[in-house]
Amino acid sequence: MEDSEIVELYWQRDESAVSETDRKYRNYLMTIAWNILGNREDCSECLNDTYLRAWNTIPPEKPRILPPFLSRIIRNLAIDSYRRSHREKRKASVYAECLDEVENMIASGTDPAKSTDLTVLTDLINEFLANLPKQARNLFVCRYYYMDSLKDAAAYSGMSQSAAKSALFRMRNDLKEYLVREGYDL
């Protein structure tokens, strides 16, 4: 079934929209949740919450492209779940690794003097990514948005792990310099 047909089922409040979404995107969504949580039960809970959130959001929203819409929902739910279950101490996971790699770049947001409008930061990061070659942009998005392991992100981008690790290091440094140059307070 085409995505537009699935969205139309949501608009008609047809419950088969959820089963069609699950049939088509279950593996994709579970992979995103797994990369963050690393726990099957938590991933399943996030998946069910994703379907509920999609049901409650469509309508009034009408996503033009369904996979990014769903991935944003499950990613946010998985990150919230991870934070709730790891408040005391971070355990080893791809999510924690990704946070460690970029934590020194972005202000924590707890100091009001250092916090900046999230929309401005998002726009700056999008501008930075738009100027990267496609391979580098894919690597960055796989690693830091979808929270893929270094191995998976490198494979998807057609690079060796060591080349990907070096490229990500350079991109993080370039992004930091770009943000500072554009006036973002780090």
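The set of residues in region 144-158 that are buried (at least 17 other Cβ atoms within 10 Å of the Cβ), under 22 Å from residue 82 (Cβ atoms) and of a type outside the set (Phe, Trp, Tyr) comprises 147, 148, 150, 152, 153.
Does region 41-55 contain any residue that is closer than 21 Å to residue 1 by Cα, surrounded by 16 or more Cβ atoms within 10 Å (Cβ to Cβ) and among the acidic types (Asp, Glu)? Checked against the condition, which is being closer than 21 Å to residue 1 by Cα, surrounded by 16 or more Cβ atoms within 10 Å (Cβ to Cβ) and among the acidic types (Asp, Glu), region 41-55 yields no hits at all. Scanning region 1-19 for residues that are touching a helix residue (DSSP H, G or I) at 6+ places or on another chain (Cβ under 7 Å) and closer than 12 Å to residue 55 by Cα gives 6, 7, 9, 10, 16, 17, 18. Here residue 132 fits the description: in the same structural domain as residue 102 (by TED's automatic domain parsing) and part of a loop (DSSP other than H, G, I, E, B). When the criteria are applied in full, residue 164 meets the requirement of being at pLDDT 90 or above, crowded, with 16+ Cβ neighbours inside 10 Å and part of a helix (DSSP H, G or I). Taking the criterion of being within 21 Å of the chain's Cα centre (by Cα) and either within 18 Å of residue 132 (Cβ to Cβ) or among the acidic types (Asp, Glu) (or both), the residues of region 160-177 that qualify are 164, 165, 167, 168, 169, 170, 171, 172, 173, 174, 175, 176. Taken over region 32-60, the residue count meeting the criterion of being free of Cβ contacts under 8 Å to residues at least 40 places away in the same chain and assigned to a helix (DSSP H, G or I) is 16.
The values are calculated or read from the model by the stated rules, or taken from the named source; none is laboratory data. Everything numeric here is computed off the predicted structure, so don't read it as measured data. All Cβ positions, even for glycine, are placed from backbone atoms using ideal geometry, and neighbour counts span all protein chains on display.
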